[in-house]
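Presented below is the structure to which this report refers.
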């Protein structure tokens, strides 16, 4: 029987190596990048010729809500990660607001066991901070398979709320690894809601959760993160004001923005999508969107995360404020951002930094984020010239819809390789789920 040098060959791509695109090939053996250079198909057990398509390090989504356990009528790990690989995402970090919430080792292990059988992508899970565990976060964050600690500072699910300043101080002082923070001021949200005219519907959502709700909260995070040298990662920044505040964030604080805040804006999105555009913090005016783009250009923004948070169409059709906040996004993030690349809003190397390199640096992910010898063979291949129309029917999420339905885009992923195995090729899933828990340094 013929012996092959490599299990899989990625041939003739424009491969992103050390900040440049080089026309070369990659040999993969035993889940690792084994060789980069001239390669023939006959040296490989399997090979794919990508003929000058762009070959990138695997894209990583560090903020998804896959709803399992407890809320699987709207999403689960199988369908969520299937959407991820269809969208060119090779690894995900999943959030703790499931039912029951992920606030201890027992609930974390439950998710890991499900993911080991059901996940198409690689995975890690956040543990949620709450009053009951706030003093033990430095122990919980070290558990294998834990991405870090997640703090919800404004209106969340069940017990997952750190709204008292004293609790926030304790949490930020206790956590040693990266801590991800949903930054909205709970007290201000409670007070403002009393003054909102709910009969006006979802257009009141951004008025209720106004910019000051986010700014007030983010100021507290900056204050205590700087005081304790906490590695704080502020999620889904939504205001131009916060970008200005965070220009002087120091070396420990990092910042995420979502594709939806960079793409949709009010009042346009609420007129077209009604409560399908409802999320926390809300989609805001074009002024704030331009501020977020400024944050990408000047380096204030470190990461793009989808905040994939699906609900069923039936749930979303409830009259506001009884309609839930959140929208699907893991499958569309890369395509939406590639369209922005084609529209010259950012460069492709900058996008790779935001969706691959920086997540690995910020969370100290081991052996991912770069195409290097002996690194994990997590690879995303894109066609920057391919034009597509996003359709609800193509969305893998159990929720079955996207806020971008009927949107025309240019640029899409054409292959997703996870641990050296092709999992998506030209829009079709391949084989079966066998993602692995992410290792951290």
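Values in this text are rule-based calculations from the coordinates and carry no lab data. Computed from a predicted model, the values in this text were never measured in an experiment. FYI the Cβ positions are ideal-geometry reconstructions off the backbone, even for glycines, and counts take in every protein chain you see.
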Dimensionless Rg/Rh of segment 81-180, both radii on Cα and Rh by Kirkwood, sits at 0.99
Whole-Å distance linking the alpha carbon centroid of segment 127-196 with that of segment 387-404 is 32
For the chain, longest principal axis from Cα atoms; helix 211-228 axis from its Cα atoms; angle between them, nearest 10 degrees, is 70
Ordering 367-379, 200-212 by per-residue average of other C-beta atoms within 10 angstrom, highest first, gives 367-379, 200-212
Residue separation between residue 313 and residue 361 times 0.36 nm, minus their alpha-carbon distance, gives in nm 13.6 nm
Output ordering of 268-275, 27-34 (per-residue mean of other Cβ within 10 Å, highest first) is 27-34, 268-275
The value for the chain (convex hull of the alpha-carbon atoms, volume per residue, Å³) is 127
Between residue 136 and residue 109, the two model label points (7 Å from Cα along the beta-carbon direction) sit apart by a distance in nm of 1.3
Whole-Å distance linking the alpha carbon centroid of segment 33-61 with that of segment 208-228 is 44
Expected unfolding gain across residue 426-residue 297 under the 0.36 nm per residue rule, minus the alpha-carbon gap, is 43.3 nm
Quick note on 159, 47, 217, ordering by fewest other C-beta atoms within 10 Å, gives 159, 47, 217
Normalised Cα Rg of segment 132-213, dividing by 2.2 N^0.38 Å with N its residue count, works out at 1.31
Rounded to the nearest 10 degrees, the helix 165-174 long axis (Cα) sits at an angle to the longest Cα principal axis of the chain of 30
Computed, not fitted: 222 nm per-residue ellipticity of the chain from DSSP H runs ≥ 4 (each -39500 (n - 2.57)), nearest 500, equal to -7500 deg cm²/dmol
Rounded to the nearest 10, the angle in degrees between the Cα long axis of helix 333-342 and the longest principal axis of the Cα atoms of the chain comes to 80
Here the gain from full extension of residue 251 to residue 195, 0.36 nm per residue of separation minus their alpha-carbon distance, amounts to 16.2 nm
